[in-house]
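The values are calculated or read from the model by the stated rules, or taken from the named source; none is laboratory data. Computed from a prediction, not measured in an experiment: that's the story for all the values here. With ideal geometry, Cβ positions are generated from the backbone for all residues, glycine too; neighbour counts draw on all protein chains shown. Side chains are part of the model used for accessible areas, which takes the heavy atoms of the whole protein and leaves out ligands, DNA and RNA. Shrake-Rupley method; radii C 1.70, N 1.55, O 1.52, S 1.80 Å.
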Amino acid sequence: MTEMEKNQFFDNPLMRTKITSANVKPKEMILGYFLGPFCAFISNAIFGAYLNRYYSDVLGWTDTAKFGIFSAVLPMVSVIFVILGNLLVGRLIDNTRTSQGKARPYMLLSAPLVTIAIALLFLTPQNGSPSTQMIWIALSYNFYYAVAYPFFYTAHSSMVALSTRNSNHRGMLATFSNASGVAAVGIGASILVPMLLQSFLFVEKDGAIDTAQSYQNWRLVMIVLCVVTFLAILLEYYFTRERVTEENMKLAIRERSFR
């Protein structure tokens, strides 16, 4: 997509922010900086605490007879791609200018990317060969952590600085934004799964994990996480605004007009 096509796409009324006030208001703080990010972070909080257990208890990737040292090597190799992915998205944001900002367009792009990535994490063929499973896990893992999630998180983490020049308002937005992440980890990883979903996601039968039933249950939860995450990212996109980017773009236009 060329720069002109980007601008035309984001000039569409459907793509415009719902925040029209010159200053930060409670609606923006609550919906754009707390509720949206909170619901978007829930899935990542659950993955951070339970994805490795899903891989080991349900898919059996710690079985060295089938997978060798794959479970130890994948995280170490993937961290390189995760770092590169975050650097690339950061550079893309720095070089982007649209009527809807520089970070928010990538937040919007992340909505379908993160949704697809979550689905792929839990669609690993359970009865496939070890080679097929290892390839699927490696690709889906890196697609989520090195591609899809960096698009969302890098854009999200840029928003406070781009939202306003008012230091007091920035402080409030930073508080709401940080609280959303802490709340997501606390509720998703410490309450939702341990207290409500533990026995559903890791079904025990005769003293062992029923891998077939657990696999099916994780897929059901995956569908819910996909829907919640997609809508949550859209909520953050539509209820945030890059006032600083808008001001900088206007100043650049004025500077060129005198040449």
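Structural remarks
- Number of Lys-Lys pairs in the chain with C-alpha atoms under 25 Å apart and a separation of 8 or more places or on different chains: 11.
- Taking a sphere under 12 Å around the Cβ of GLY60 and counting the other residues whose Cβ falls inside, with K and R at +1 and D and E at -1, yields a net charge of 0.
- Full-stretch length increase - ALA212, ARG16 - with 0.36 nm per residue and alpha-carbon distance subtracted: 66.1 nm
- Pair ASP94, THR62: separation of 7 Å Cα→Cβ label points (nm): 4.1 nm
- The heavy atoms of ASP206 present about 150 square angstrom of accessible area, all protein chains included, probe 1.4 Å.
- For ASP94, ASP11, the ranking by accessible surface with the largest value first comes to ASP94, ASP11, using a 1.4 Å probe.
- Probe 1.4 Å, accessible area per residue of segment 126-255, Å²: 49 Å²
- Carbon plus sulfur fraction of accessible area for the chain, probe 1.4 Å, in percent: 65 percent
- Helix 211-238 vs. the chain, principal-axis angle (Cα, 0 to 90°, nearest 10): 0 degrees
- Shape category assigned to segment 142-259 from the gyration tensor of Cα positions, a/c cut at 1.5: prolate
- Its DSSP H runs of at least 4 residues, each contributing -39,500 (n - 2.57), put the calculated 222 nm mean residue ellipticity of the chain at -21000 deg cm²/dmol, to the nearest 500.
- Cα long-axis angle, helix 104-121 against the chain (0 to 90 degrees, to the nearest 10): 10 degrees
- Accessible surface, 1.4 Å probe, highest first, among residues ARG16, ARG97, ARG53: ARG16, ARG97, ARG53
- Relative contact order of segment 1-148, defined on C-alpha pairs under 8 angstrom at six or more residues apart (%): 27 percent
- Ranked from largest to smallest solvent-accessible area, with a 1.4 Å probe on the protein heavy atoms, TYR55, TYR145 come out as TYR145, TYR55.
- Counting heavy atoms of the protein chains alone, LYS66 has an accessible area of about 90 Å² for a 1.4 Å probe.
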